[in-house]
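Here the structure is laid out as structure tokens; the discussion comes afterwards.
Bear in mind that the values in this text are calculations on the coordinates, not laboratory data. Since the model is a prediction, treat every value here as computed from it, not as a measurement. Cβ: placed from backbone, ideal geometry, glycine included. Neighbour counts: every protein chain shown.
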Amino acid sequence: MNATRLILTACCFWWIQGAAIDPKNVVVLVNQSDHKSIDLGYYYALKRNVPIENIIHLDLPSDENISWDVYLGKLYNPLVNQLMEANWLDGFASKRKDEVGRQITLIESHKIEALVICKGVPLRIQKDPARLPPKESYPKEKLQFYTNRSSVDSELALVPFPKAAIAGFYANPIFRRTETRNLFDLKPLVVGRLDGPSYELATALIDNAILAEKEGIAGRAYIDIKGPHEAGDAWLEDTIEQFNEKGYDVEANREEGRFNLVDRFDEPLFYFGWYSSAIDGPFTHFGFEFPVGAIALHIHSYSASTIRNGSKYWLGPLVARGVTATFGNTSEPYLGLTHQPQLIMDALFKGMSTGEAALYSIAGLSWMGVFIGDPLYQPPFGLKLLPKNEYDILRTANKARNAGDKSAFKAVLYEHEKRQHFSTGLWLYEYYFALGDNEQAYHFLSTLKQPSAKEKRNWGILLDIAEGFFELGHPKQARALFDDLLKRTQSTRQLKLQLLKRGVQSAGKHQHAEMLTAWNKQLEKLTGPKEESEKKKN
């Protein structure tokens, strides 16, 4: 079967999904004192066919941060009572309370497949020293976990475990598992939060998930490595292998720092990386927007310190830019107790929903983790022939090439002849360049439709094209692209700085002395005064 027919055949079949969460067994939690929270809950129930009677109303404070007294008195105990009364939890409830302040219950089973928390419900529980055991009695090897600070969502995942200690974390019994070790053991709750800087953005989480499931997803994967710990880098390397196996175009940054303003970053369907306290790089371009169905994780200790701010930390800004699902931490989790990217993708590729993947990929509960998005969202990894769907064409060709099909390029060639899109043009350039056919490589590089330089988010693509011209021995065309972009950076120091650094790197690599000298002079002119100022300070 030739590659063109392979694509047309593959596009007719959808990924066989895992057993979907039954909407009838989904509980939705809203803040009774916030009418927008109620509206969001009812909108979700309508869109996902969740019975209206599954919506639980609690009178809660509007703050993201609450005390343990408020959590227990306003949220946990009232919620457990309602769940017991509605037979979501099967067991026994006493009127007495334990030493923490929880109503004493004995839970034998539950039928909650997912708990959806709506914006308006508090996010974080503050540390309460009075509810901690004496420090001297706490195991020395666990002193770094000596806190009861927690995310509300992570605590609620343990509703079926009413005796779980609140000091430190509780080991997730289905971490990296689809079932508990013993047949009769209880499962924690799958928890997802519909939240963000505005109710419109929280609603978009629902709409984007449903739209992605209906129409399909396509794009590239971007991985930011080079973090502070080897273990995290190893997770991300494993994630790269997973995407490569599935045929995705993968852009991996293994240098110090993260993807910057002049790196290629088109159609980021997946983004995994670390380690910055706030959103930066290509995400800050004006008009940046994720494609529908996008999934992102930036590992940082405080990535979800707030979700209501569209410019602070990570989760709020990611939601503001249209991500469909994202993961983070409300406070310091320590690396081993955060969501692991390779496990998220392992779960999703197995057909789990994003909510199930969030639970599958984190080792500790009653801790800092939070998942933002519709927990029922199942990314459809099957291929679907859509208009302007170059990225799925490339994915299918990559898979065919990985399988040894030497005709894989024909499908990309067929697509490229129709639209000359830059993504297929760059792919064909790289394909022929690897074969040593520079003439064909140059043909595709020089005839592809370049994206507009007026949009700064396109500059990384244009610079990849320029780098191709350097590689093929056409430095004048490369310089023309660089010079055009440099003219557009007069009022943006940071952008010009990153552009010049990339120019110097390319000119040096390809031994173009004249360009190297010219761009180095501009770079020194741009950075010199600042460096002198720093020297005087020291």
Q. Setting aside same-chain residues fewer than 8 positions from LYS142, which lysines have a Cα under 20 Å from its Cα?
A. LYS127, LYS163
**Q.** Spatially proximal aspartates and glutamates relative to LYS509 (Cα-Cα < 12 Å; intrachain offsets below 8 disregarded)
**A.** GLU467, GLU471
Q.
Within a 10 angstrom radius of the beta carbon, how do VAL159, VAL370 rank from fewest other beta carbons to most?
A. VAL159, VAL370
Q: Report the label-to-label distance for LYS163 and ALA231 in nanometres (one decimal), using points 7 Å from each Cα along the Cα→Cβ vector.
A: 2.9 nm
Q. Going by how many other beta carbons lie within 10 Å of each one, how would you line up ASP185, ASP238, ASP346, fewest first?
A. ASP185, ASP238, ASP346
Q: Would you please name the GluC sites (Glu not before Pro) within the range 204-302 that are DSSP coil residues with at most 16 other C-beta atoms within 10 Å of their C-beta?
A: GLU255, GLU256, GLU289
Q.
Helix 438-447 against the longest principal axis of the chain: what's the angle in degrees, Cα atoms only, rounded to the nearest 10?
A. 70 degrees
Q. Ranking ASP128, ASP249 by Cβ neighbours within 10 Å, fewest first, what do you get?
A. ASP128, ASP249
Q: Figure the gain on full extension for ASN309 and LYS476 (residue separation times 0.36 nm, minus the Cα-Cα span) and round it to one decimal in nm.
A: 55.6 nm
Q: Please give the length that would be gained between GLU85 and LYS246 if that part of the chain were fully extended, namely 0.36 nm times their separation in residues minus their C-alpha to C-alpha distance (nm, one decimal).
A: 53.4 nm
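Return the calculated 222 nm mean residue ellipticity for the chain, to the nearest 500 deg cm²/dmol, obtained by summing -39500 (n - 2.57) across DSSP H runs with n ≥ 4 and dividing by the residue count.
-12000 deg cm²/dmol
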(Q) Treating only the Cβ of Lys, Arg, Asp and Glu as charged (+1, +1, -1, -1), what charge dipole size does the chain show about its Cα centre? Round to the nearest 20 debye. (A) 800 debye
Q) Once the piece of chain linking GLU417 and PHE92 is laid out straight, how much longer is it, given 0.36 nm per residue of separation minus the C-alpha distance between them? A) 110.2 nm
